[in-house]
Amino acid sequence: MAVKIRLMRMGKKKQPVYRVVVADGRKQRDGRYLEAIGRYDPRQEPSLIEIENDKAIDWLSKGAQPTERVRKLLEISGAWSAYKVSKGEIHTVAPRKTTEPVAEELVEDGTDEEGDSESE
C-alpha cells in the first residue's frame, strides 16, 4: 500500500481549510484516511500550521511519502529536519562549551605594575 501524507480540503466554497492526513495514495483526495496529523489554514495572516511532529516523524519513518505542499509545511513546522536527523542524513554537532581563559596578571619579579623596580 502506497501511503501518502497529503492535504484534505475542508471548509466552505471559496474558504478552504485543510487537514494534514496520512492516507492510502489510491484513495480520493477527500476520502478515507488512516490518521489526521495536523491542520493548515492558508487564509489567516500569517497562515496557521499545526502539525503533530511526533506523529509525522513516525509516519515518515514508516515510509509515508509527503506531497510537495505537505513537505514544505513539514519543513516549516520542523518535523522534516527532525526526521532527517533521526534518519542520519543531517549530522548535528553539540555546541561547544567555551571557557574563557582566566586573565592572569603577569608581574615580573622585582617590578610593580608601572614597571618601576621596588629595590629603591
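Starting with the fewest neighbours, write out LEU74, LEU7 ranked by other beta-carbon atoms found within 10 Å of each beta-carbon. Present the calculation step by step, with values, prior to reporting the outcome.
On the way: LEU74 25, LEU7 21.
Result, fewest neighbours first: LEU7, LEU74.
Please state the charge dipole magnitude for the stretch 3-87, taken about the Cα centre, from unit charges on C-beta atoms (+1 on K and R, -1 on D and E), reported in debye and rounded to the nearest 20.
So the dipole magnitude of the stretch 3-87 works out to roughly 500 debye.
If all Cα-Cα distances of the stretch 3-87 are sorted into 10 Å bins from 0 onward, what percent lands in each bin, rounded to whole numbers?
In order of increasing distance, the bins hold 19, 53, 25, 3, 0 percent.
At a 10 Å Cβ-Cβ cut-off, how would you order THR99, THR67, fewest neighbours first?
Taking fewest neighbouring Cβ atoms as first place, the list is THR99, THR67.
All other residues with a Cβ under 12 Å from the Cβ of SER86 taken together, and with Lys, Arg as +1 and Asp, Glu as -1, what is their net charge? Don't skip to the answer; put the middle values down first.
On the way: positive: LYS84, LYS87; negative: ASP54, ASP58, GLU89.
Summing Lys and Arg as +1 and Asp and Glu as -1 gives -1.
Sorting check: for 13-20, 39-46, which peptide has the highest mean count of neighbouring beta carbons within 10 Å, and how do the rest follow?
With the highest mean Cβ count within 10 Å placed first, the list reads 13-20, 39-46.
Here, each number is a calculation from the coordinates, and none is a lab measurement. Not measured: the values here are computed from a predicted model. Cβ sites come from the backbone with ideal geometry, for glycine too, and all protein chains shown count toward neighbours.
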